[in-house]
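Have a look at the structure below before the remarks.
The values are calculated or read from the model by the stated rules, or taken from the named source; none is laboratory data. In this text, all values refer to a predicted model and were calculated from it rather than measured experimentally. With ideal geometry, Cβ positions are generated from the backbone for all residues, glycine too; neighbour counts draw on all protein chains shown. Only protein heavy atoms, including side chains, enter the accessible area calculation; ligands, DNA and RNA are left aside. Shrake-Rupley method; radii C 1.70, N 1.55, O 1.52, S 1.80 Å.
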Amino acid sequence: MNIVIIPFHDWRKIIKEGFRTRDAHFIEVLAQKEDLKKIIINRPITLLEIFVKKKKQAINGEVIFQKGRFTLYKIQENTFLIDFVSRNIFKQIIQKYKWYINTYSDKKYVAFIKESFSVLKVEDYCLLSQNVFAYKLAENLNPKILIYDAWDNFTKFKVYQPILDEVEKGYKTFAKYSNIWITNARENLDFFKKRFGPEAIYLIANGVDLKRFVHNKESKVPDDLAKIKRPIIGFGGKITQLLDTDLINNILQDTPDVSFVFVGQLLDKDVFNKIIKQPNFYYLGDKHYDTYPNYVKNFDICIVPYVTDEEQKSGANSIKVYEYLATGKKVVGTFGNGLEDLKEYLYLVKTATQFSEELQDVENKKDKIDLNYHSWENKISSLIELIENEANSR
């Protein structure tokens, strides 16, 4: 069966930063399935967003079909992308996140998407949406099977609080129309089942990219990391509300003899500013996903200093944790955010004192994870099995 994918992230962002997010990993593995025709419906974008976020306007691919600001690209064999560069710059500025919700249901965009399906001779297809903002588009299409991937709990992100009613409406819509609902963490599964009641909900946790973190044996020490005194305690991930800054400040002060290196995208400046920049703290900025593994492979201990308060958590199941564990490094984290499911393989602590104590010994005495089970390839196999079972039940 053909599969249509609505990722959360813009394709230009994925190419610029690397295939590091859940939706990007799904696409990368699905693209390897030569027997499937894959069509990606890209997140709408404006020239202003392209300029501000320093993205390339052009998509690397062959133009198959085009109408005005809508374009259908062939980006690789049997993989296509539908793109919409909107002129509504002022609406995007005024409406912010709500602009995406409205633009996904733009009548001309929906019509172009359906025309593109005709050009590609796509009739029966499975629609996989990983974007809660695209709920109106999902209503306008008529897939044989609709799957919604609720990969994080957006009702808990403070950045989306101004449009919380729309986010909840999106979840309710997908709960009503989806044949299959998947999510990445047990905490999310329980929350979504109770709050929105999808008929069929399954857990497909995040995974690890074996190609980059295991099969690629290169572990060159990056220049900016080579200058830092060891042992190096490393965090690789986005700077968001999930970080427990009080905990971080305490362990920075308690263990001045080790270096703390943070690598990743700075999404919440308020959180970053709450971290007291002591002499043993180093922020090395964001790194392309093809370069990032060299940082993790050269950390001495990997950490997940996340908040444990129920109101602040987002039902995360961190991809970084699987990447950490794939390298065989010692991993120290806090309870919650899906880490309990991996307690056999990492060190869970409750206090800053316990955290600091674990940082005194770099040796990892925990069991190793089953890399094949936790691979993205295995996660996609589980997804395809769900699709096939649903198709056969009809």
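Here are some notes:
- The lysines whose alpha-carbon is closer than 16 Å to the alpha-carbon of LYS158, local same-chain residues fewer than 8 away aside, are LYS96, LYS98, LYS238, LYS269, LYS313.
- Its residue count N fixes a reference of 2.2 N^0.38 Å for segment 113-213, and the Cα radius of gyration divided by that reference is 1.18.
- Sequence-ordered 3J(HN,Hα) estimates for segment 280-291 from the Karplus curve with 6.51, -1.76 and 1.60 and θ = phi - 60° stand at 9, 9, 9, 10, 9, x, 7, 10, 4, 5, 6, 9 Hz, glycine and proline given as x.
- Average Cα contact separation per residue, segment 47-183, under 8 Å, 6 or more apart, as relative contact order %: 17 percent
- The Rg/Rh ratio of segment 228-288, with Rg taken over Cα atoms and Rh as the Kirkwood radius over Cα pairs, comes to 0.93.
- Amide proton proximity set for TYR283, modelled H, under 5 Å, gap of 5+: PHE262
- Diffusion constant of segment 331-390 at 10 °C, which comes from Stokes-Einstein with the Kirkwood Cα-pair radius and 1.306 mPa s, µm²/s: 115 µm²/s
- Protection proxy ranking of 29-39, 218-228, 148-158 - average other beta-carbon atoms within 10 Å, highest first: 148-158, 29-39, 218-228
- Accessible area of ASP190 (1.4 Å probe, protein heavy atoms only, ligands and nucleic acids ignored): about 100 Å².
- Shape category assigned to segment 190-348 from the gyration tensor of Cα positions, a/c cut at 1.5: oblate
- Prolate is the label for segment 1-102, because a/c, from the alpha-carbon gyration tensor with a ≥ b ≥ c as root eigenvalues, is 1.5 or above and a/b exceeds b/c.
- Amide H contacts under 5 Å for ILE239, placed H, 5+ residues apart: GLN265, LEU266, LEU267, ASP268
- Computed from phi, the 3J(HN,Hα) profile of segment 344-361 under the Karplus parametrisation 6.51, -1.76, 1.60 (θ = phi - 60°) reads 5, 10, 9, 9, 9, 10, 10, 10, 4, 5, 5, 4, 4, 5, 5, 7, 7, 10 Hz, with x in place of Gly and Pro.
- Within the accessible surface of segment 175-234, defined with a 1.4 Å probe on protein heavy atoms only, the carbon and sulfur portion equals 49 percent.
- Under 18 Å from the Cα of LYS368 - lysines, other chains or at least 8 residues apart: LYS211, LYS217, LYS297, LYS320, LYS329, LYS330, LYS343
- Carbon plus sulfur fraction of accessible area for segment 250-380, probe 1.4 Å, in percent: 44 percent
- Cross-link pairs exceeding 21 Å between alpha carbons, from the set LYS227/LYS287; LYS33/LYS67; LYS37/LYS379: LYS33/LYS67.
- Surrounding net charge for ASP257, when Lys and Arg each add one and Asp and Glu each subtract one, Cβ distance under 15 Å: -3
- Cα gyration tensor category, rounded, prolate or oblate, for segment 48-120 with a/c compared to 1.5: oblate
- ILE40 long-range amide H proximity, modeled H, under 5 Å: ILE5, PHE80, LEU81, ILE82
- Segment 276-370 - Debye-derived log10 I(q)/I(0), Cα point model, q = 0.11 Å⁻¹: -0.34
- Pairs of Cα atoms farther than 28 Å apart, the chain, %: 48 percent
- Debye, to nearest 20: dipole size of the chain, +1 on Lys, Arg Cβ, -1 on Asp, Glu Cβ: 1440 debye
- Backbone N under 12 Å from the ILE15 label point (7 Å along Cα→Cβ), restricted to segment 66-81: 73-76, 81
- Of the peptides 355-365, 56-66, 297-307, the order by per-residue mean of other Cβ atoms within 10 Å, starting with the highest, comes out as 297-307, 355-365, 56-66.
- Working note: Karplus 6.51/-1.76/1.60 with θ = phi - 60° gives segment 154-170 the couplings 5, 5, 9, 7, 5, 5, 9, 4, x, 10, 4, 4, 6, 4, 5, 5, x Hz, where Gly and Pro are set to x.
- Here segment 187-257 is described by how far its Cα atoms reach on the three principal axes: 53, 37, 15 Å, from widest to narrowest.
- Surface composition of segment 49-88: carbon plus sulfur atoms hold 49% of the accessible area, using a 1.4 angstrom probe and ignoring ligands, DNA and RNA.
- Per residue accessible area in Å² of the chain, where ligands, DNA and RNA are left out and the probe is 1.4 Å: 45 Å²
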